[in-house]
Each structure stands twice: as C-alpha cells, then as structure tokens.
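The values are calculated or read from the model by the stated rules, or taken from the named source; none is laboratory data. Just so you know, these numbers come straight off a predicted model, no measurement behind them. When we count neighbours, we look across all protein chains shown, and the Cβ atoms used for this are built from the backbone with ideal geometry, even at glycine.
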Amino acid sequence: MRIIQFTLVSLVCTIGLSTIALAQAVPPDEMLSSKPGSVAVLRGLDKISAETRDFEAPINSTVQFGTLSITVSYCRKTPPEENPEVYVFMNVKDRRTDGSGNETDGEEIFSGWMFASNPALNALEHPIYDVWVLDCKG
C-alpha cells in the first residue's frame, strides 16, 4: 500500500514540476499559437423555406441574415497541428417590426461564443433561423 502511495505522490510531483517548467519556458504570447481572424464564415438556415446560405461576417461589422443582425467581435481557428476548432464570439439581434410595419432597432437574442465542432453547445435559439460557425479566415 505504501509503495502505491509513494508512486502516486511521485507521479503527481513530476507532473506538477513539468507543468511549472513548461509554463515558465513558454511566454504567454506564444501560448496562443494561432492569430485571430478577420472574417468569420457562417451558415444560416431559414427553417420555414428550408434554405441554407453561407455568408461571411467581417470582424466588428454587422451583416444581415433574414431579420437577424449579426455582429462578430472575434474569431480564431486552431493551427493544423492541434485539434481542429473554430470559435467565434458574436452578438445577434432580431430586427422584427413592431406590428405597425415600423422596424425596431432589434432585440438582442444571442451574445456569446459559438464553436464549429459543437454548434449545439451554445446555440442560437430562434423560431425561424439557425446560425452556426463554419470557418475563420484571415
């Protein structure tokens, strides 16, 4: 029993020291091995007509998809040597009319991160539209 405890403690210490040495050897700026992109590639689905459309959303610009106004604040794609992942931070507003035909500024219906590998993790919930992340360019 003491041998197992000793082995376990030795293993934990070795992993801890290796992690500390690695953290000190790699500057924080180099820990992020990919650069942020300048354009997010999104796919939108109109659930009523069952049509999909791929569109690009430049960072800090607003694009329209149906009644949605989508503003992407950040996107990043992992380098090829890592597990493939694209993640985007976006805000989505719904520009519905107020009933009299006048368009409103829009109600924010989504604000957060979306991941290409798992779109259901933090999905846009809307009765008519779905939007998900495909890629990050630039």
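Does Gly138 satisfy the condition of being crowded, with 16+ Cβ neighbours inside 10 Å and not charged (D, E, K, R)?
no
Where in the stretch 46-93 are there strands (runs of 3 or more DSSP E), lying fully within it, with 1 or more residues that are free of Cβ contacts under 8 Å to residues at least 24 places away in the same chain, hydrophobic (A, V, I, L, M, F, W, C) and assigned by TED's automatic domain parsing to the domain that holds Asn118? Show your work before the answer.
Working: elements: 51-58, 62-65, 68-77.
So the answer is 51-58, 62-65.
Within the stretch 21-45, which residues are of a type outside the set (D, E, K, R), in a loop (DSSP other than H, G, I, E, B) and modelled with pLDDT of 50 or more? Step through it out loud before you land on a result.
Step one: list which residues in the stretch 21-45 are of a type outside the set (D, E, K, R), which gives 21-28, 31-34, 36-42, 44-45.
Add one more test, that the residue is in a loop (DSSP other than H, G, I, E, B), and what stays is 26-27, 32-34, 37-38.
Within the stretch 21-45, Leu32, Ser33, Ser34, Gly37, Ser38 qualify.
Could you list all residues from the stretch 59-82 that are modelled with pLDDT under 95, of a type in the set (S, T, N, Q) and under 16 Å from the mean Cα position of the chain (by Cα)?
Selection gives Thr78 alone.
So which residues in the stretch 47-95 are basic (Lys, Arg) and more than 15 Å from Cys136 (Cα to Cα), if there are any at all? It would help to see each step written out before you state the result.
Keep residues of the stretch 47-95 that are basic (Lys, Arg), which gives 47, 53, 76-77, 93, 95.
Scanning the stretch 47-95 gives Lys47, Arg53, Lys93, Arg95.
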